[in-house]
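Q: Mind looking over this structure? Questions follow.
The values are calculated or read from the model by the stated rules, or taken from the named source; none is laboratory data. Here the structure is a predicted model, which means the values were calculated and not measured. Cβ sites come from the backbone with ideal geometry, for glycine too, and all protein chains shown count toward neighbours.
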Amino acid sequence: MRHIVVDAMGTDTAPAPEVEGAILAVRAGWAKVTLAGPQDLLRRELARRDARGLGIEIAHASQVVTMEDAAAKAFRLKRDSSIRVAARLVRDGKAHGMVSAGNTGAVMATAKITLGVLEGVERPALAAVLPNSKGTATALLDVGANVDCEVHNLEQSAVMGEIFYRVIFDAKRPRVGLLSNGQETHKGNSLTREACARLKALPLNFVGYVEGRDIYNGRLDVIVTDGFTGNVVLKTSEGMVEVISSMLREALSSTTSAKVGYVLARRALQAFKKRVDYSEYGGAPLLGVRGVCIICHGGSNANAIKNAVRVASEFALGQVNEKIEHELAGVSLGRK
């Protein structure tokens, strides 16, 4: 049983999703949970949901980082924020990992400074898990931690992403690709061309360049890119899911007249929404920090928080960080 601390003040409607998600995770037996945030507020939320006997603890935090706060300024001035309290619990060995749906920049900065980075890692990378047409999942990284990347950052991301996928999805030899504007070797820019040559030399199941379509067709398990491109892909994906769901709902309601047909169509739509629902994947792990840090979407619901706790627990149980350090020490990566 792992112990996970949840920043209870991160979501857009905090702390309700965090408290409900924590209760669901504990009832599922995935982890022991501590909620970080104003203790009086969290006690009232737990009492409203009759969480007695679940053993959910509270770590008091008197400050909250908002989405408008600059990351560096929030770290300096809000020393008792719920994000920082959660990170300190992990750093001090009182929790195995943390989950936050708060200000992404502030969470990343706090985790990197408070927890530190693993040996051999220069910059942590944020990995998003996306559904694909094969019914499995594809890990895309970096999706925002490093907007400007150098070749060695992509190398480290490839190694970390491969290890993460291998442990979390029980894959023996994940297929790794480098995102580019075509599969031909002459495509790409100076960064991707040099990175492609370097990745071929690593002990990975590296397939070379891949295109945007490969993120969702299930041909790859891990796709590596810089944080700027990855974040654009992630935000575009979120928007497309919303648009497609809305269009499907509208088309089905306007063309299905029979009651039985409507019920079947509605079930199909619900199945589709569940398959592409980001909340089923919890959140994005920040790979490379000394500790487990899962960053969730600001609009996360209780299901997303619940699954983020599950991912954090699996991450800790699978000793992903130990494997990253061990395997980075065994490969020769380019440096500045």
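Q: State which residue is nearest to the chain's Cα centre (by Cα) when the search covers only the stretch 42-71 and only residues that are assigned to a helix (DSSP H, G or I) and surrounded by 14 or more Cβ atoms within 10 Å (Cβ to Cβ).
A: The initial filter retains those residues of the stretch 42-71 that are assigned to a helix (DSSP H, G or I), namely 42-48, 71.
When the remaining residues are screened for being surrounded by 14 or more Cβ atoms within 10 Å (Cβ to Cβ), the result is 42, 45-46, 71.
On the way: L42: 25, E45: 26, L46: 26, A71: 18 Å.
Per the criteria, the residue is A71.
Q: So, in the stretch 216-232, of the ones that are touching a helix residue (DSSP H, G or I) at 6+ places or on another chain (Cβ under 7 Å) and among the aliphatic types (A, V, I, L, M), which residue ends up farthest from T192 (Cα to Cα)?
A: Among them, the one singled out is L220.
Q: Please find, within the stretch 292-314, the residue that is surrounded by the fewest Cβ atoms within 10 Å (Cβ to Cβ) out of those that are of a type in the set (A, V, I, L, M) and out of contact with any strand residue (DSSP E or B) (no Cβ under 8 Å at 6 or more places or on another chain).
A: Ranking the qualifying residues of the stretch 292-314, first place goes to A302.
Q: Quick one: in the stretch 95-114, which of the residues that are among the aliphatic types (A, V, I, L, M), in contact with a strand residue (DSSP E or B) (Cβ under 9 Å, 6 or more places away or on another chain) and part of a helix (DSSP H, G or I) is nearest to G227 (Cα to Cα)?
A: At the first step, the residues of the stretch 95-114 found to be among the aliphatic types (A, V, I, L, M) are 95, 98-99, 101, 106-109, 111, 113.
Adding the requirement that they be in contact with a strand residue (DSSP E or B) (Cβ under 9 Å, 6 or more places away or on another chain) leaves 95, 98-99, 101, 106-108, 111.
From what is left, the residues that are part of a helix (DSSP H, G or I) are 106-108, 111.
On the way: A106: 16, V107: 16, M108: 13, A111: 17 Å.
The residue in question is M108.
Q: Further question: Return the total of residues in the stretch 167-181 being farther than 19 Å from A195 by Cβ and not in a helix (DSSP H, G or I).
A: Looking only at the stretch 167-181, we keep the residues that are farther than 19 Å from A195 by Cβ, and these are 167-173.
Keeping just the survivors that are not in a helix (DSSP H, G or I) gives 169-173.
The qualifying residues number 5.
Q: Give me the pairs, please: first residue somewhere in the stretch 236-257 and surrounded by 10 or more Cβ atoms within 10 Å (Cβ to Cβ), second residue anywhere and at pLDDT 70 or above and not in a helix (DSSP H, G or I), beta-carbon distance under 7 Å, and either six or more positions apart or on two chains.
A: From the stretch 236-257, the pairs are S237/L130.
Conditions (1) in a loop (DSSP other than H, G, I, E, B); (2) without any contact (Cβ under 8 Å) to a residue 40 or more places away in the chain, marked per residue:
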residue	(1), (2)
V129	no, no
G144	yes, no
Q156	no, no
M160	no, no
Y165	no, no
T185	yes, yes
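Q: Still on this structure, please answer the following. Which condition from (1) touching a helix residue (DSSP H, G or I) at 6+ places or on another chain (Cβ under 7 Å); (2) under 22 Å from G282 (Cβ atoms); (3) surrounded by fewer than 24 Cβ atoms within 10 Å (Cβ to Cβ) is the one that H3 breaks?
A: Answer for H3: the failing condition is (1).
Q: Further question on the same structure: Please enumerate the residues belonging to the stretch 187-207 that are of a type outside the set (S, T, N, Q), at negative phi and either surrounded by fewer than 13 Cβ atoms within 10 Å (Cβ to Cβ) or not in a helix (DSSP H, G or I) (or both). Lay out the reasoning, then the answer.
A: Looking only at the stretch 187-207, we keep the residues that are of a type outside the set (S, T, N, Q), and these are 187-188, 191, 193-204, 206-207.
When the remaining residues are screened for being at negative phi, the result is 187, 191, 193-204, 206-207.
Across the stretch 187-207, the qualifying residues are K187, A197, K200, A201, L202, P203, L204, F206, V207.
Q: Go through (1) free of Cβ contacts under 8 Å to residues at least 60 places away in the same chain; (2) more than 22 Å from the chain's Cα centre (by Cα) for L202 and report which single condition fails.
A: (1)
Q: Filter the stretch 306-336 for residues that are farther than 21 Å from T114 by Cβ, assigned to a helix (DSSP H, G or I) and not charged (D, E, K, R) and give the result.
A: If the condition is that a residue be farther than 21 Å from T114 by Cβ, assigned to a helix (DSSP H, G or I) and not charged (D, E, K, R), then N307, L317, H326, L328, A329 are the ones that fit.
Q: Same structure again: What is the one condition in (1) within 16 Å of M9 (Cβ to Cβ); (2) at pLDDT below 95 that A86 does not satisfy?
A: The number of the failed condition is (2).
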